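This report refers to the structure that appears directly beneath it.
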Amino acid sequence: MKIAIWGRQRDHVGESPFWDAVHGCLWSVDMTAQAIRRRWPDGRTDSFPTAELPAALALNPQGDMAVVAFASGTALWTPTQGLLHWLTRPETDPELRLNEGKCDPAGRFWVASMENNLDHHGQPRATSRMAGRLWRTSGERAIALSEAEFGCPNTMAWSPDQRYFYAGDSQRNAIWVWDYDTASGDISQRRVLQQGGPGIPDGSAVDEDGCLWTARFGGGCIVRTTPTGKTDRIIPLPVRNPTSCTFGNAQGGKQLDTLLITSARFGLSQPSPQDGAVLAIDTGHCGLPEHRYRDDA
C-alpha cells in the first residue's frame, strides 16, 4: 500500500484534521507549536500562529471561519483576522485544559477536557487526576455530558445514521459508544466498543460503512473497527505517533477517498524524517465529511 507524505511541514503535535472540500485543502492544529495549519495537495502549507495552545477545530459551512477549542475555552477564529471572540470556557479549574473537539451532525461543537499534561513552557508534566469531562457547546453555552472522569479524552465521531456517538480515553485505552439523539444532542446507554489494542486510541474518523478508523498513538498504525467492535484492519504507518485522521481527496476534489493522518514528533528523542508529517493513504474506502459548525445550532 502506498503512503504519501503531504509537504515538508512537520508538526510537533498535529491534531484535529478537517478536510475542506469547498476549497480542496486540509486544516489541522499543531498543539504545542501553537499554530493552525492549512495544507494543500501540492505540498504548500500555510501556518497561522496562535497565542494559546489550539487543541481542535471545525469549519463553518462556507469554510471561511472556524470554531477552535483552545486550552482555556472555545472561540471563533478566521485566517485573516485571527481570534474573533471567545464563546465558552467550560472548565474553571486552571489545571484543566481542553483536548479534543468536533461538531455533531446538528453543528454543535463538542469538546472534552483533561488535567493539563503540559507546563507553562510547553514541556510534559505528570498528571494524577481523571478529571476531564465531555461537554456539548452551543454558541456561548456549555453543557456537561459526563462526570469528571477522563484522563486523556480522544476520539469523537458519529455513525452515518446519526444514531450513535463514539468517544475514547487514551489513558484507559478504551473507546465507548452511546446512543445519540440528533434533535436534543443527548447521549445515553454507554457501553464499551473496543478495549486495548496496539498503542492507545487517539483521534478517529468514520467511513461510509460506519466503521471507525482510529490513530493508535505509540502503536504506529491505524485500526479500522466495525460497529460491533471487531478489529477489521490494521495499517502500519511510517510514524510512531499517529494522532488523528479524516477522509479527504489527494487531488483536492470532493470525493472522500483518501485517509489523511496527522502525527506527532513531540517527546521523541530521535524522531524520524516522517514523524510529525501528514500522511495520505488510499484505503479502498470512502469516508464521511466532517460535520460543520453552525452558530445557530
> Any idea which residue in the range 176-211 is surrounded by the most Cβ atoms within 10 Å (Cβ to Cβ), counting only those that are in contact with a Leu (Cβ under 8 Å, 6 or more places away or on another chain) and within 19 Å of ALA56 (Cα to Cα)?
Replying inline: ALA205
>> Checking the condition more than 15 Å from THR74 (Cβ to Cβ), at pLDDT 95 or above and not hydrophobic (A, V, I, L, M, F, W, C), which residue from ASP104, ASP181, ASP119 passes?
In response: ASP181
>> With the requirement that a residue be touching a residue at least 24 places away in the same chain (Cβ under 8 Å) and over 21 Å from PHE247 (Cβ atoms), what does the range 36-50 give you?
In response: ASP46, SER47, PHE48, THR50
> What are the residue pairs meeting all of these: first residue in the range 166-185, first residue under 15 Å from MET130 (Cα atoms), second residue among the acidic types (Asp, Glu), Cβ atoms under 8 Å, and 6 or more apart or on different chains?
Replying inline: SER170/ASP202
> Of the residues SER113, SER159, which single one is crowded, with 16+ Cβ neighbours inside 10 Å, in contact with a strand residue (DSSP E or B) (Cβ under 6 Å, 6 or more places away or on another chain), more than 21 Å from LEU26 (Cα to Cα) and hydroxyl-bearing (Ser, Thr, Tyr)?
Replying inline: SER113
> Does any residue in the range 132-146 that is in a strand (DSSP E or B) come within less than 6 Å, Cβ to Cβ, of a residue that is modelled with pLDDT of 95 or more and charged (D, E, K, R) six or more places away or on a different chain, and which pairs are these?
Replying inline: ARG136/ARG108; SER138/ARG108; ILE143/ARG136; ALA144/ARG133
> Of the conditions (1) more than 23 Å from LEU118 (Cβ to Cβ); (2) in a strand (DSSP E or B), ILE261 fails just one. Which one is it?
Replying inline: (1)
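Answer with yes or no whether ALA142 is under 30 Å from HIS23 (Cβ atoms), surrounded by 17 or more Cβ atoms within 10 Å (Cβ to Cβ) and out of contact with any helix residue (DSSP H, G or I) (no Cβ under 7 Å at 6 or more places or on another chain). Reasoning before the result, please.
Details: under 30 Å from HIS23 (Cβ atoms): yes; surrounded by 17 or more Cβ atoms within 10 Å (Cβ to Cβ): yes; out of contact with any helix residue (DSSP H, G or I) (no Cβ under 7 Å at 6 or more places or on another chain): yes.
In short, yes.
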>> With the condition being acidic (Asp, Glu) and within 23 Å of GLY252 (Cβ to Cβ), I'd like the strands (runs of 3 or more DSSP E) fully within the range 1-104 carrying at least 1 qualifying residues.
In response: 14-20, 25-30, 45-49
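Listed here are the residues, each with its yes/no results for (1) of a type in the set (D, E, K, R); (2) modelled with pLDDT of 95 or more; (3) surrounded by 20 or more Cβ atoms within 10 Å (Cβ to Cβ); (4) out of contact with any helix residue (DSSP H, G or I) (no Cβ under 9 Å at 6 or more places or on another chain).
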residue	(1), (2), (3), (4)
VAL67	no, yes, yes, yes
GLY82	no, yes, no, yes
LEU98	no, yes, yes, yes
PRO124	no, no, no, yes
>> On the basis of being farther than 20 Å from ARG294 by Cβ and either exposed (fewer than 14 other Cβ atoms within 10 Å of the Cβ) or in contact (Cβ under 8 Å) with a residue 60 or more places away in the chain (or both), does ASP11 make the cut?
In response: yes
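The values are calculated or read from the model by the stated rules, or taken from the named source; none is laboratory data. No experiment lies behind these values; they were computed from the predicted model shown. Counting neighbours? That spans all protein chains shown, and the Cβs are built from the backbone with ideal geometry, glycine included.
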